[in-house]
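Report on the structure given below.
The values are calculated or read from the model by the stated rules, or taken from the named source; none is laboratory data. Worth saying up front: this structure is predicted, and the values here are computed from it rather than measured. All Cβ positions, even for glycine, are placed from backbone atoms using ideal geometry, and neighbour counts span all protein chains on display.
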Amino acid sequence: MELQAVLMAAGGGSRMTDLTYNTPKAMLPVGNKPLMWYPLNLLERMGFEEVIVITTKEVQKMMSTDPKMKLDVKMKLDVVCIQEDGDMGTADALRHIQQKIKTDILVVSCDLITDVALHEVVDLFRAHNATLAMLMSKAHEFTETVPGQKGKKKTAEQRDFVGVDQSGKRLLFMANEADLEDGLSIRKSIMRKHPRMHIKTGLVDAHLYCLKKAVVDFLADNKSISSIRGELVPYLVRKQFSKTTNCPKIKDDAEDQNQKKNDGSTNHGHSSCLSFSLDRSCWNDHRGDMSEAYHGGKLRCYVHIMDEGPCYRVNTLAAYIEANRLAPKLFEEVPVHPSAVISERCQMGSDSYIGAMCQIADKTSIKRSTIGNSTTVKEKVKVANSIIMHGVTIEEGCNIQGSVICSNAVIGRGADLKYCLVGNGQQIEPEGKDHWHEHTP
Amino acid sequence: MADAGEPEGPERKDDIVKAKQEGKELTKEEKQRLRKEKKQQKKSKEKKDDKPSRDSEKEKKPASAASPAPQTPTQPPAQKAPSAAPAPVPVPASETPSAADKPAKSKAELKAERRARQEAERASKGKKGDVGPQAAPGKPKAPPSELQPVVKRLPEHVQVDNPEVLKKLAKKLERQQTPEYNAATKIPLRSDYGYKVSLFSHLHQYSRKAPLTQQLGIPSTVIHPAIVRLGLQYSQGIVAGSNARSVALLHAFKQVIRDYTTPPNEELSRDLVNRLKPYISFLNQCRPLSASMGNAIKYIKKEISNIPSQCKEEEAKRKLLNCIDCYINEKIVLAAKAIAKYSIEKISDGDVILVYGCSSLVNHILCEAFEKNRKFRVIVVDSRPRLEGREALRRLVQKGINCTYVLISAVSYILPEVSKVFLGAHALLANGYVMSRVGTSQIALVAKAFNVPVLVCCETYKFCERVQTDSFVSNELDDPDDLIVTRTGTTQLEHWQEVPSLGLLNLVYDVTPPDFVDLVITDLGMIPCTSVPVVLRVKNVDQ
């Protein structure tokens, strides 16, 4: 087997607590499908047959009852539950499942919605015998107004600095603004080996990583690393250029282990054969200096940067709204679920998506919105640019614009909501006028 | 059958038999002689035309079916073939006058019946006959009179413009999936890219941006991951060069053998060979196989088939891995040492040596010679688009050798300084031609004009039974987009596909005639170019 897929679905959604305090992030509905359906669908389309899902017990319960997950996902899901206390980082989770991992792994986060051709990332991993291959994308501007936020709040986003070489594939430098105190400092050894480096900001990390098995074994020994993105990736990127005394540690561990086990794993001896053939090959990845291909380094990190095509990480409210707008179009979702009951005098725009078992009454107008399963919409309701989750009841005469209404909420008769965020199970009193940019948790 | 020409018949038959054994094609005189003989025979027994003509028809059919399979003619049908082949010519001639007769009508009917029966037999006989009639339209002269009993079969990789052959290839890839996987997972067919120059439209042209892995599932289960990795490295050019590719191939096969388990009720010797077939097709699609790789694969398949059936799996695997290691050691590593030893005798102090491109063997020789304290300097000639000479330059300069670097357009200017030319080879063909990187024949030609000795260094495992006299018939077309270059911000050829009369050609190999090559240095010694068939014959006898 070449690659094992691992889906990290235990994240808490710390940047959108309003949505996630009741529903775990992995099961938030996006386009009437749970959020984790999207990465699972990506893996399934690529040809994976088994996925190890790391998640919490709550999500596992919800997964087993959700019809979309049961019917659409044909892969075998090996669910591993971990504690919900949130102390476990992604790297800790990998350490937890170390026994299950037999080959190189592909780690995906549950909040990734994309249609990237995965072979671009995996080809870099295979062809260059890389230790790490990851996916990044040019960030898209979010154009929708975010409910619950008065005016455009400029969050002091911590920028990520990503340095790539001239070909745009080799990852040379990665740091977050938060870690840089005075300025960006680059080691001389890197500049000597790669005199032309492109430093990019404004890239979205898709949290999709191909890692060698040796890295997982290395994690098992180094218990101080707890997050893949925050600690492991910068560590590996730095280690590419460190002195050789430390560098082959990861490789040697792997080769020793494999010699003991005599597994016949693909890594054993491959690096030595590769160097034997590369010695005779007339190829070099750089030119201008006297060193051999890859500068003789054994640890290599690669990145594939997507120029076009959707790639969203649903970890903020703005991203969630954007995803709801665009994800159904990506997957050619049927606008109206067959089991929804919609009366004839309802005006439905073509951009709207109605979930299963909804009941939409007369004289309603639904434009550019997503309505979840089992929602009841009574007469004379106007819904525009909104996201309405499952089990919501909207009484007559309501006017909802640009809002997000979480599950099981009840909007009283005649309420007027503009850019509001209604939390789970809330009730808006009838005749509530002119709610504007409000935020009811 | 007392005939005037009869007594000479048996002698001529012997000649013909000898000719058949040697060349499988009769000379014109012999054919004419046979024709005359048969005409006389037929005229003498005109009345009894029925049986002999039908017999000759029957023989004609198996003859044309046997001829596309030149490897397996049995002597009697082959002998009858020349005698039967001229027969149809006089037979229709003799039959047409008697067409009005009653026996002629029944003759025609019977003939039609027999023909139908022969067609059915031939169809069931085998697939070898398939290529024969299909290759015929591809050949410039379809033999209408079927006087040539031998129809040469064109290899499939030079028939890319024939849609039937492409269909056959697609079907072959479908059939080749490993049996335990369902029909949905099969080896994909890589499609050609861009406009092909008409002279080379019979070859494949792939784009590097459309790798074969696009159509494969990600955790590749159909093809072993080591082979997928190897295919990617081939198509992206990370592993390039005849020796490097063969070594990488053998290492990947070692990995495959290590991970292989014999399924129940199967024998390792047969199942493993079948397992390797789809891998080889996959690699062929990533990048056409080189002659050295072909020889290595033949060797491995022979070794696998020779494993005795009572051998246990572990032992068999160990033996195979050992064989592969031996092969690499003998044919590549030790051969390089031997060639270096011979070559160093030819390098004297004060020499100016010209090399072309990056040949791992030539680089090795030069480094060894430098270590043995020979005083020489090197001129590295390079050519676009690969610019491999830069890598050769790097390796030589790293050792400390004095080097000059020029592009191939400057070869005639720099040759007056040169005392020897050392060239590497991709393969040595059976008629003494040297197949090497495109540009090599130019260098050899110019060197010949300046009377500079040209020495080709080549290991014996690259000797190939193919015969080629030009670079058109069989070559490799690389990605045409490699020719596009951006200088000072402008890319001239960026939209070359939109210009209807423009085609980009990126050839990889060319053949150098043996007249331009003075010496071939192999691990068996220093031989002239024309002795390659001798070496091949000796090798075959050994094996």
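Some points to look at:
- Residue list for segment B:450-476, filter: over 25 Å from residue B:342 (Cα atoms) and among the basic types (Lys, Arg): B:466
- Residues in segment A:380-397 that are touching a Lys or Arg at 6+ places or on another chain (Cβ under 7 Å) and in a loop (DSSP other than H, G, I, E, B): A:380, A:385, A:395, A:396, A:397.
- Test for residue B:420: is it within 14 Å of chain A (Cβ to nearest Cβ) and either under 24 Å from residue B:533 (Cα atoms) or of a type outside the set (Phe, Trp, Tyr) (or both): no
- Candidates in segment B:391-409 are the residues that are more than 21 Å from residue B:438 (Cβ to Cβ) and polar (S, T, N, Q); of these, the one that is nearest to the other protein chains (Cβ to nearest Cβ) is B:398.
- Within segment A:1-39, being within 14 Å of chain B (Cβ to nearest Cβ) and either among the polar types (S, T, N, Q) or part of a helix (DSSP H, G or I) (or both) holds for A:4, A:39.
- Remark: residue B:276 falls outside the filter, which requires a residue to be modelled with pLDDT of 95 or more, out of contact with any Asp or Glu (no Cβ under 9 Å at 6 or more places or on another chain), among the aliphatic types (A, V, I, L, M) and not in a loop (DSSP other than H, G, I, E, B).
- Count of segment B:512-528 residues which are in a strand (DSSP E or B) and among the hydrophobic types (A, V, I, L, M, F, W, C): 5
- If you go through segment A:317-351 and keep only what is in a loop (DSSP other than H, G, I, E, B) and under 11 Å from residue A:32 (Cα atoms), you end up with A:333, A:334, A:335, A:337.
- Restricted to segment B:167-180, and to residues there that are outside any helix (DSSP H, G or I) and surrounded by 12 or more Cβ atoms within 10 Å (Cβ to Cβ), the residue that is modelled with the highest pLDDT is B:176.
- If you filter segment B:219-260 down to residues that are more than 10 Å from chain A (Cβ to nearest Cβ) and touching a residue at least 40 places away in the same chain (Cβ under 8 Å), you find that the one that is nearest to residue B:329 (Cα to Cα) is B:253.
- Residue B:399 being farther than 24 Å from residue B:478 by Cβ, surrounded by fewer than 22 Cβ atoms within 10 Å (Cβ to Cβ) and in contact with a strand residue (DSSP E or B) (Cβ under 6 Å, 6 or more places away or on another chain): no
Here is a yes/no grid of residues against (1) buried (at least 20 other Cβ atoms within 10 Å of the Cβ); (2) away from every other protein chain (no Cβ under 14 Å); (3) among the aliphatic types (A, V, I, L, M):
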{"residue": "A:282", "(1), (2), (3)": "yes, no, no"}
{"residue": "A:292", "(1), (2), (3)": "no, no, no"}
{"residue": "A:300", "(1), (2), (3)": "yes, no, no"}
{"residue": "A:307", "(1), (2), (3)": "no, no, no"}
{"residue": "A:322", "(1), (2), (3)": "yes, yes, no"}
{"residue": "A:334", "(1), (2), (3)": "no, yes, yes"}
{"residue": "A:355", "(1), (2), (3)": "yes, yes, no"}
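- Unmet criterion (only one of (1) within 14 Å of chain A (Cβ to nearest Cβ); (2) out of contact with any Ser or Thr (no Cβ under 6 Å at 6 or more places or on another chain)) for residue B:286: (2)
- Only residues that are within 27 Å of residue B:203 (Cα to Cα) and not in a helix (DSSP H, G or I) were counted across segment B:237-273, and they come to 5.
- Taking the numbered list (1) within 20 Å of residue B:357 (Cβ to Cβ); (2) over 26 Å from the mean Cα position of the chain (by Cα); (3) outside any loop (DSSP other than H, G, I, E, B) in turn, residue B:452 passes all entries but (3).
- Answer from A:77, A:106 - the residue that is away from every other protein chain (no Cβ under 14 Å), of a type in the set (A, V, I, L, M) and assigned to a strand (DSSP E or B): A:77
- Residues that are out of contact with any Leu (no Cβ under 8 Å at 6 or more places or on another chain), within 17 Å of residue A:363 (Cβ to Cβ) and not in a strand (DSSP E or B), drawn from segment A:398-418: A:413, A:414, A:415
- Segment B:343-373: number of residues that are outside any helix (DSSP H, G or I), surrounded by 16 or more Cβ atoms within 10 Å (Cβ to Cβ) and over 28 Å from the mean Cα position of the chain (by Cα): 5
- Single residue of segment A:261-277 satisfying the filter (within 7 Å of another protein chain (Cβ to nearest Cβ) and at pLDDT 75 or above) that is farthest from residue B:244 (Cα to Cα): A:276
- When segment A:216-230 is filtered for residues that are within 21 Å of the chain's Cα centre (by Cα) and crowded, with 17+ Cβ neighbours inside 10 Å, the ones remaining, listed by number, are A:216, A:225, A:226, A:228, A:229.
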